[in-house]
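Visitor: I have a structure here, written as structure tokens, and I will follow up with some questions on it.
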Amino acid sequence: MNDNPQLSLVIPCYNEEGNLRALVEAIRDGADPLKVPYEIVITDDCSTDSSWNVLKQLAAFDPRIRPQRLEKNSGESAASWAGMKSARGDVIVTLDADLQNDARDLPQLLDALNRFDCACGTRVQSRQKGDNVVRIISSRLANWVRNALSGENITDAGCTYRAFKRRCIADLKFFKGMHRFLPTLFKIEGFTVTEVPVRTNPRFAGQSHYGVWNRLFASFYDLLAVRWMKKRMFKFKIAEKLH
Ligand code: UDP
Ligand code: MG
């Protein structure tokens, strides 16, 4: 049994039946050499394919795999958040179920946590390998608008391959679409964030859940909320205190 994992890999999953076995294999290959007790928390966002059956089979042979299934399809942010809430490790790594994120990058992401509270993967140098031109341009444009409106300088906010200390999420307010703003939300809470170059692979099986339209525009409304939060939330520090 694995009752005391230090590292939780948190993965949202919607209709990823063709990816899950390979995903678990890739994570084992990447995480076993780290010699850190870990768990794999996969949240099935009420898939309509056989993802849940595959997850049950995988969990039956490996107690480190902890799948849960949402009652309704609730979107990537909700599935990811449900996984983070269930995570038991002091360190959380979020990644996609489609093997676009590469478990071989785990050491670099985790190493950065010796100096920062959160390390965000950035695919800027590796994108041409895993993505088509439309996707790269729409993602860059979305990233630019996001940075301009939220006063950020994140090179790849759309990359959800991130490692962070679990305490970063203790006081976080979650909302639909917030997975795109996690680094900014962490900074608002006073945590330190850095970026680490990561690989990008082509999707192993299945199709992306996003098109140009929802990649570019879906987050605009959320962006205004994050901009507001960044301006208005308290940022004071206690200078001195007695008794
Ligand atoms: N996902 C989810 N619920 C949804 C849509 C997506 O849990 O309603 C998951 C999906 O299975 C994947 C991750 O969120 O693990 C990111 O989705 P996708 O790979 O389609 O996004 P992209 O990498 O193309 O931006
Ligand atoms: Mg993906």
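Visitor: Restricting to the stretch 200-220, name every residue that is within 16 Å of ligand 1 (Cβ to nearest atom) and at pLDDT below 90. Spell out the reasoning first.
Guide: Here is the first cut: in the stretch 200-220, the ones within 16 Å of ligand 1 (Cβ to nearest atom) are 200-219.
Listed by number, the residues that qualify are Tyr210, Gly211, Val212, Trp213, Asn214, Arg215, Leu216, Phe217, Ala218, Ser219.
Visitor: Okay, next question. Going through the stretch 105-148 one residue at a time, which ones are under 15 Å from Leu7 (Cβ atoms), among the aliphatic types (A, V, I, L, M) and out of contact with any Gly (no Cβ under 7 Å at 6 or more places or on another chain)?
Guide: Correct list: Leu110, Ala112, Leu113, Ala119.
Visitor: Let me ask something else about it. Could you tell me how many of the residues in the stretch 60-83 are of a type outside the set (Gly, Ala, Ser) and within 13 Å of ligand 1 (Cβ to nearest atom)? Reasoning before the result, please.
Guide: Looking only at the stretch 60-83, we keep the residues that are of a type outside the set (Gly, Ala, Ser), and these are 61-73, 76, 81.
Those left that are additionally within 13 Å of ligand 1 (Cβ to nearest atom): 67-70, 72-73, 76, 81.
Total satisfying the criteria: 8.
Visitor: Does Val10 satisfy the condition of being in contact with a helix residue (DSSP H, G or I) (Cβ under 9 Å, 6 or more places away or on another chain), buried (at least 21 other Cβ atoms within 10 Å of the Cβ) and in a strand (DSSP E or B)? Talk me through it step by step, then tell me what you get.
Guide: Working: in contact with a helix residue (DSSP H, G or I) (Cβ under 9 Å, 6 or more places away or on another chain): yes; buried (at least 21 other Cβ atoms within 10 Å of the Cβ): yes; in a strand (DSSP E or B): yes.
The answer is yes for Val10.
Visitor: How many of the residues making up the stretch 209-239 are over 19 Å from Thr184 (Cα atoms) and of a type outside the set (Val, Ile, Thr)? Quick ask: steps written out before the conclusion?
Guide: At the first step, the residues of the stretch 209-239 found to be over 19 Å from Thr184 (Cα atoms) are 209-214, 238-239.
Next, only the ones that are of a type outside the set (Val, Ile, Thr) stay: 209-211, 213-214, 239.
So the count comes out to 6.
Visitor: If Val36 passes every condition in (1) of a type in the set (Val, Ile, Thr); (2) in a loop (DSSP other than H, G, I, E, B); (3) over 19 Å from Ala87 (Cα atoms) but one, which one does it miss?
Guide: Every condition holds for Val36 apart from (3).
Visitor: Just to verify a result, which residue in the stretch 45-69, among those that are aliphatic (A, V, I, L, M) and within 22 Å of the chain's Cα centre (by Cα), is surrounded by the most Cβ atoms within 10 Å (Cβ to Cβ)?
Guide: So the first thing to find is which residues in the stretch 45-69 are aliphatic (A, V, I, L, M), and the list is 54-55, 58-60, 65.
With the extra rule that they be within 22 Å of the chain's Cα centre (by Cα), the set shrinks to 54-55, 58-59, 65.
On the way: Val54: 22, Leu55: 25, Leu58: 19, Ala59: 16, Ile65: 22.
That would be Leu55.
Visitor: Looking at (1) surrounded by fewer than 16 Cβ atoms within 10 Å (Cβ to Cβ); (2) touching a residue at least 12 places away in the same chain (Cβ under 8 Å); (3) assigned to a loop (DSSP other than H, G, I, E, B), which is the one condition that is false for Gln207?
Guide: Evaluating Gln207 over (1) surrounded by fewer than 16 Cβ atoms within 10 Å (Cβ to Cβ); (2) touching a residue at least 12 places away in the same chain (Cβ under 8 Å); (3) assigned to a loop (DSSP other than H, G, I, E, B) leaves (2) as the failure.
Per-residue answers, yes or no, for (1) in contact with an Asp or Glu (Cβ under 8 Å, 6 or more places away or on another chain); (2) modelled with pLDDT of 95 or more; (3) of a type in the set (S, T, N, Q):
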| position | (1), (2), (3) |
| --- | --- |
| Ser51 | yes, yes, yes |
| Leu55 | yes, yes, no |
| Asn73 | yes, yes, yes |
| Trp81 | no, yes, no |
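Quick grid of which residues meet (1) more than 21 Å from Ser139 (Cβ to Cβ); (2) more than 16 Å from ligand 1 (Cβ to nearest atom):
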| residue | (1), (2) |
| --- | --- |
| Glu189 | yes, yes |
| Glu195 | no, yes |
| Val198 | no, no |
| Asp222 | no, no |
| Trp228 | yes, yes |
| Lys231 | yes, yes |
| Phe234 | yes, yes |
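The values are calculated or read from the model by the stated rules, or taken from the named source; none is laboratory data. As the structure is a prediction and not an experimental result, all values here were calculated from the model. Using ideal geometry, Cβ is built from the backbone for each residue, glycine included, and neighbour counts are taken over all protein chains shown.
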